[in-house]
Structures are given as C-alpha cells and as structure tokens.
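A.B. asks: Please read through the structure below; I'll follow up with questions.
Laboratory data are not the source of any read-out in this text; all were calculated from the coordinates shown. Not measured: the values here are computed from a predicted model. Reconstructed Cβ throughout: ideal geometry from the backbone, glycine too, with neighbour counts over all protein chains shown.
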Amino acid sequence: MAESQLMCMEDGLMPAAVPESRPQFYYSEQQRVAIERLLTKGDGAFKSLLKDENGQDFLSAREIKAITSTFVKYPNEENDGEASTSHAKREDSGSMRSTYWPQMSDTDVPPLDIGWPSSGLFKGVTRVSVYTHPPKDSGPHIKEVVRKLIQESCKVVAIVMDVLTDLQILRDLFDASKRGVPVYIVLDLQGAPHFLDMCNRLQVGAKDLQNVRTRTVKGVGLNLSMGRIPGNVHSKYMLIDGDKVMFGTYSFSWSSSRMDRNMITVMSGQVVDFYDNDFRELYAISDKLDLFKEFHLSKPQTGTLARAAVPKRPLAATSRFQVNLGDASRGDLKVPAHKYHNPKYLLALGQIPGPSEPLQDFLDKMVPPDPGQQDLENPTEELENITPVSSQTGKKKSKKLKTLTFNTKRKKKGKKDTTSNEVIEENAANPSDETPKNTLTRDETQDTPKKKKTGFWCLFKKS
C-alpha cells in the first residue's frame, strides 16, 4: 500500500492533493473508483465514469484484459459452512478482520537452512560487464554467461525470476545441487506451474532436490473493497557465491534466449550487498513450494550417522602433556613415568629415579619432612643428595683440609703474562667413607702438563 494511501486512513488528516504533473504523484482515489466500476459493470461503465468526472482513460486494452482476468474476490465466509463456523468464533471473541493491524508477522521467517555465505564489510572494487542479445562486439551469448556462472559456483546460487523453464539452466541448477551447492529459487506465483511442468519433464529425483529450496512470491497488487488484483514479480537477478550478481531483462526461458532482445549486467563489489538484502526480504515474505510433495518423493535422510560408543574418560588423565590427579583416594592411580622420572621434579622432591609408585605414596613424598624427625639410616647418602659436599666439611672432624696456592708466570715474546691460580684440596682418607673425598679445583683456564711441572718445581725450589 502506498504511503499516500496510508495517510488517507489517518484520522483527521487530509493530505494535500498531488497533481499528475509532479513526480510524487502515485495514488488517485478517482482511479480506484473507476477500476471498481470496471470490475463490477464492465468497460462501458468504466469509460462513462471517467468522462463524467473529466478524467483520462489511464488503462490500455492489454491492462484491462489482464485486470479482469486476474481479479480475485474475497471469499464469502457466510456461504461456506466451515468458514461460517470460524466467523462465528471470531465474532464471539470480539475481533474483526478490519481491525487487525499487527506490528509484526504472526508467522515464522523461513530460514536459509542449507547455508548462506557471510557478507564481509568490503567486497573489493566494483566491476561491471554488460552482455546483450543478440551479442555485440563478438561477445558471448547471454545464456552462455548465465550457465557458466552456475557451473562455476561453489558457495550458493540464489535466483529471483518470473519464469524459469529453460531445460539446460534447470539441469545446471540440479547439477550444482548434487555438488553440494545450496540453490535458492524465488519464483513469481503465476510462473510456478510452468516451472513444475518443466521439472516433471526432466524427471527430477530426490538427490537432485536435496539442496534446492523453492518458494513463490506475489507482486504488490491492489486491494479493493470487494477483492484483490494480484501483481507480478518482474525482478530478474541471480546471486553467485555472495560476491557476484547478474541482473537485467533476461528471463530463464527458451523464447527469451532465442527470440527476445535482452540485456544483462554482471557486477561484483559493494553493490552485491543490496541484492543480498533484497533476496533475504523476498525470501522472508514468500510462500513455500515443496518440490518433494509436488513430485511425491521422499526426503533423503540428513541425520548424523550412528557412531560407536566411546567409553567415558577416566577421572585421571594420563596424557603426555597433562596429568589430572582426580580422586586422590584411589590407590590404583598411577602417575605417568615420564612425569615421575623427570629430573625437574626429582630435584624439588629429592627423590631417586625409579619405578612408578602409587599416587598416595607420591603425594606423601611431596610434603617436606620435619627437621626433627629425619631418617638417619644412611647419613652419607642423605648428605650427598640434599647438600653439597663442601658445606659439610666443617662438621666432619675426621677430615683434614690442605690448601696449596701458587702462582705460575710464563713470559713469551709478543704475548701478555698469564697467571693461573690453582687450589689443591686434599682430604685425608677415611676408611669409613665409601667414596673418595679428594677434589681438585682450578680456574677456567686449563693448564698443560708442562705448566704443572713448572709450578711444582718453583714450589719446591722456594721451600
């Protein structure tokens, strides 16, 4: 309904009349009354009314024939038994059809359930290619361009068309469906029977229609007091993969590609977003055309395949990179060997690498022992594992320490003096110790055997 028509329904609001000379002129109440006279009393009464009101005859002979042949009256609910029952229920509830003006639709919006590519913020530079029939400048045929776009599609094919009856194009669409490409088709309501007829000639099967969704949409139409004049859908475009669009005057029919003069435009870039939104709107207001029901086919099963039962994951994971302790009270829980024997953890716990132990024993060893209750069964082994040997020399009275320090100097031509400090620690042998306690400490520079002999000779010479 036009905006000027809606403004006439507002209470106490009478908009200013827009003359026909202005481009804003769209709706005329005089023309609406004349059309109702045409539908009720015929063409003669229609022309006489316009002559009495000094109006112009605004309908051609073709339009008069189309209006009178497509006019649909509102159903008379009082004559139909079932309709009268529903009418009585509506009167009991106190609701009337003329007062029902919902803010939102009371039906669910049909989803694009087989997939739709996400539109990005930027689709690149806009590129335009124009093709005509007959071809110009040795260009390809219009039908060749359309079929090539369908055959090269990989994401989605969305079509809005008034007539779709070309057998080759239909085969390309069903082949794309077999490849797994979603195919959405929105047809004009009056062109849907011809589409079904051509699909029946192709003998389509369930596999052909698995990724095809077909719906019908009506034109804007004109609502009158006694009925409605339906309109047609003359939009003709096709979206490919969400980044290309083909639009023009070409209908997907044999006669349009052979006998009519047409022009199409293939565009890519930001202009595709407009056609993307327009297709979503048309798809939302369209009616479902179930091809499986029309051709008496059973829908293929699309459920997930049955999988083998997988055992539940244990409370304690034993993966290589993660250890989940889980229930610490379980005695049979094992810590992975690569964790237990890792030197990084053994240094912190003071343990010796060995076979894996139960978790409870492992957790007990993580608690630091009490200094007053240390196990002294093997004090020498404990001292070697926990503390360095040099820190315990003051506590052992049986050990003796001798330190000899000497300097060695050698001079060579063209080289600097080199000085090396050597400290020799000799521990007296203790028969109770199982391991030798003689250590030799030097600086980072390694002395040759000749240098060692020179150092000892100087030492004895001085003494």
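A.B. asks: Of 230, 283, 257, which is farthest towards the positive pole of region 127-294's charge dipole, taken about the Cα centre with +1 and -1 on the beta-carbons of Lys, Arg and Asp, Glu respectively?
C.D. replies: So the residue furthest toward the plus end is 257.
A.B. asks: If you keep only loop residues by DSSP, which trypsin sites (Lys or Arg not before Pro) in region 202-282 have at most 10 other Cβ atoms within 10 Å of their Cβ?
C.D. replies: Working: sites: 207, 213, 215, 218, 228, 236, 244, 258, 261, 280; in loops: 207, 218, 236, 261.
Sites meeting the loop and neighbour criteria: 261.
A.B. asks: As a test, work out the antiparallel percent of DSSP beta bridges whose residues both lie in region 127-294, rounded to the nearest 5. Intermediate values should be presented prior to the final figure.
C.D. replies: Values: 24 of 36 bridges.
Given both bridge residues lie in region 127-294, the antiparallel proportion sits at roughly 65 percent.
A.B. asks: Can you give the net charge of the other residues whose Cβ lies under 13 Å from the Cβ of residue 147, counting K and R as +1 and D and E as -1? Spell out each step's value before the answer.
C.D. replies: Working: positive: 143, 148, 171; negative: 144, 152, 166, 172, 175.
Around residue 147, the charge tally is -2.
A.B. asks: Can you give me the relative contact order of region 127-294 as a percent, contacts being Cα pairs under 8 Å and 6 or more apart?
C.D. replies: Result for region 127-294 is 29 percent.
A.B. asks: Distance cut-off 19 Å, Cα to Cα: go down the list 155/178; 51/73; 178/299; 218/299 and report the pairs above it. Write out the running numbers ahead of the final one.
C.D. replies: Working: 155/178 13 Å; 51/73 27 Å; 178/299 14 Å; 218/299 27 Å.
Too far apart for the 19 Å limit: 51/73; 218/299.
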